[in-house]
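First comes the structure, then the notes that go with it.
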Amino acid sequence: MSTLEFIPLHPTFVAEARGVDLRQAQDEATLTALHAAMDRYGVLVFREQPLTDAEQLAFAQAWDGNLHTKTGISALTQSRLGNEALTDISNVDENGDPLDSSDRRRVYGLANQLWHTDASFENPPGRYSLLSARVIPPVPADTEFADTRAAWDALSPTEQARLLPLTAHHSIAHSREILGFSFSAEERERLHGNPQPLVRYSKVTGRRALYLAAHASHLLEMPVAEGRLLLRDLMTHATAAPFVYRHVWQDRDLVIWDNRTTMHRARPFDDKHHRRELRRVTTLDIERA
Ligand code: OGA
Ligand code: MN
């Protein structure tokens, strides 16, 4: 058995974990070492992890227990994958063919190209996401990550003091509406969203992070327009080049990120002519006993 090691991939966050097969890494010692690295790096990249759906779900369960079901569009339509904890991050239909430009699932999935953190619109919100690459196209179809702890640290003490008491309202309907997606009144009601602190604190690391996403529509403490402008400014700040890592996918990659300390977004590619298939499991930020 090779030894577990972590190779940093960016000056402030993200590491590649080497020397581990996640199908067999569900013992206490390995999980503890991986969790410590996760607290430090916020994003962990694992290469050559040929996971089946069942293996991905089993690892996610061992990693963090509470799996988020009915994620994303599965709240609206039936998933082709047959398991509500598994989100279909792909551009293909049941037959494996690229979705039509106008397909509702495709348009909905395009919102992953807006900077966001997963399931911030839920209560409890998302904690970790585990994204497994099954089919990666031969053209760039990358995912970018932003370090929202480093972005917080870079603010002045005065700015930090102003932001600390604020609360944002997050709803998945908001991020989809930005792109012109419309919901029925009944869907809108179901996707009402939830308030979240604008700044998150971790007792484990003692660090704070900006908690931002395209899902954040306004701040509860101020008029919509002012809150939206402040959110935009903060998004621009947090996604400035020094805080961003770009992940270039290979087949069989598994990337795990902490939704409390990072944002991410998909980058566009020619999805009419190339298949791209990944599977995501997200866990919920439920306090541990
Ligand atoms: C996700 C997501 C980005 C991508 O799976 O939560 O936002 O590049 N994915 O597919
Ligand atoms: Mn996402």
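The values are calculated or read from the model by the stated rules, or taken from the named source; none is laboratory data. The structure presented is a predicted model; accordingly, all values stated were derived computationally and were not measured. Methodologically, a virtual Cβ is constructed for each residue, glycine included, from the backbone with ideal geometry; neighbour enumeration extends over all protein chains shown.
Considering only residues in region 273-289 that are of a type in the set (D, E, K, R), in a loop (DSSP other than H, G, I, E, B) and at pLDDT 95 or above, the one that is nearest to ligand 1 (Cβ to nearest atom) turns out to be Arg276. Among the residues of region 254-270, those identified as within 11 Å of ligand 1 (Cβ to nearest atom) and more than 14 Å from the chain's Cα centre (by Cα) are Pro268, Phe269.
Scanning region 108-131 for residues that are aliphatic (A, V, I, L, M) and assigned to a helix (DSSP H, G or I) yields Leu110, Ala111.
Each residue in region 1-12 was checked for being crowded, with 17+ Cβ neighbours inside 10 Å and part of a strand (DSSP E or B), and 1 of them qualify.
Per-residue answers, yes or no, for (1) charged (D, E, K, R); (2) more than 25 Å from Asp251 (Cα to Cα); (3) in contact with a Phe, Trp or Tyr (Cβ under 6 Å, 6 or more places away or on another chain):
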position	(1), (2), (3)
Gln113	no, no, no
Thr117	no, no, no
Phe121	no, yes, no
Tyr128	no, no, no
Asp153	yes, yes, no
Gln160	no, yes, no
Leu166	no, yes, no
Leu191	no, yes, no
Pro195	no, yes, no
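Considering region 132-243, the qualifying helices (runs of 4 or more DSSP H), each wholly inside and each with 1 or more residues that are buried (at least 16 other Cβ atoms within 10 Å of the Cβ) and in contact with a strand residue (DSSP E or B) (Cβ under 6 Å, 6 or more places away or on another chain), run over 148-153, 157-163, 172-178, 224-238.
Just so you know, in region 13-33 the residues that are in contact (Cβ under 8 Å) with a residue 40 or more places away in the chain and either under 19 Å from the mean Cα position of the chain (by Cα) or surrounded by fewer than 21 Cβ atoms within 10 Å (Cβ to Cβ) (or both) include one that is farthest from Ser2 (Cα to Cα), and it is Phe13.
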